[in-house]
Amino acid sequence: MEIHVAVNILLDYSNDFTRWTSARLLNREAKCIVDAKKYKKECYGRSTFLRTEWCSICDKPNPKAMWQRYDEVGRTSFITHCPTWFCRVSALHSMIAHCRVNERVLLRVPWKQNTQVVIPRSDGSKSYGHCKVNSLVVRTNGYYVETKWHEDDGQTSVKLIPLTYYCAKIEPKIMSI
């Protein structure tokens, strides 16, 4: 049986996400066929005016709509989508694209286990705060960790610190589909 036929049988006769993953895992040629599908990648997440029973990908009502949640772009965003493989994969593509537009990359594996970090200050002192471990900020000269701490006066401060400060010689595993 030709590989195109096998992939089409897996994808066209079932909308289940596990069929999509099975089709991708058959072999390299099948993965290329599945990845070449025309996914909708421009549906960025929203944090307000969410239509809870509406698929943002196929623009159809669906009472079983799922929510793709991510908070890497400064606010918590959601992409509502159908449980079908096409809409689910399109939501993942859109989430990754939204982060890239905001100069961020999502990581397949967190670069650190917990969010507590020591933050070097410009005056030589150190503060203790928290950071995002599932994403990094991309600049021309490398990857940066977004850190946040609370000042004594109650203000919240944010600072980008090079990833190399925390992890020497690490190449982050970036999420892609």
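Since every read-out is calculated from the coordinates, none of them should be taken as a lab result. Because the structure is predicted, anything quoted here is derived from the model rather than measured. Virtual Cβ from ideal backbone geometry, glycine too; neighbours counted across all protein chains shown.
Applying 0.36 nm per residue to the separation of M175 and E42 and subtracting their alpha-carbon distance, the gain on full extension is 46.2 nm. Between R28 and Q113, the contour length at 0.36 nm per residue exceeds the Cα-Cα span by 27.3 nm. A Stokes-Einstein calculation at 10 °C with viscosity 1.306 mPa s, built on the Kirkwood radius of region 38-102 over Cα pairs, returns a diffusion coefficient of 139 µm²/s. The calculated FRET efficiency for the pair N15 and E103, based on their C-beta separation and a Förster distance of 41 Å, comes to about 0.75.
Which residues in region 63-78 place their backbone N less than 18 Å from a point set 7 Å from the Cα of V138 along the Cα-to-Cβ direction? Counting only backbone N, you get 71-74.
Rg/Rh for region 132-175 (Cα atoms only, Rh after Kirkwood) is 1.05. Loop-located GluC sites (Glu not before Pro) in region 97-176 (DSSP state other than H, G, I, E, B) with a sparse environment of at most 13 neighbouring Cβ atoms within 10 Å: E103, E151. Taking chymotrypsin sites (Phe, Trp or Tyr not before Pro) in DSSP loop states with no more than 15 other Cβ atoms inside 10 Å as exposed sites, the chain has its longest site-free stretch at 50-177. Between T115, T156, T147, the Gaussian network model of the chain with springs among Cα atoms under 10 angstrom shows the greatest mean-square fluctuation at T156.
Over all pairs of different C-alpha atoms, region 25-177 has a mean inverse distance whose reciprocal, the Kirkwood radius, equals 17.5 Å.
Look at the alpha carbon pairs under 8 Å that are at least 6 residues apart: their mean separation over the length of the chain gives a relative contact order of 15 percent. Summed over qualifying helices (DSSP H, 4 residues or more, each -39500 (n - 2.57)) and divided by its residue number, the chain shows a 222 nm mean residue ellipticity of -8000 deg cm²/dmol.
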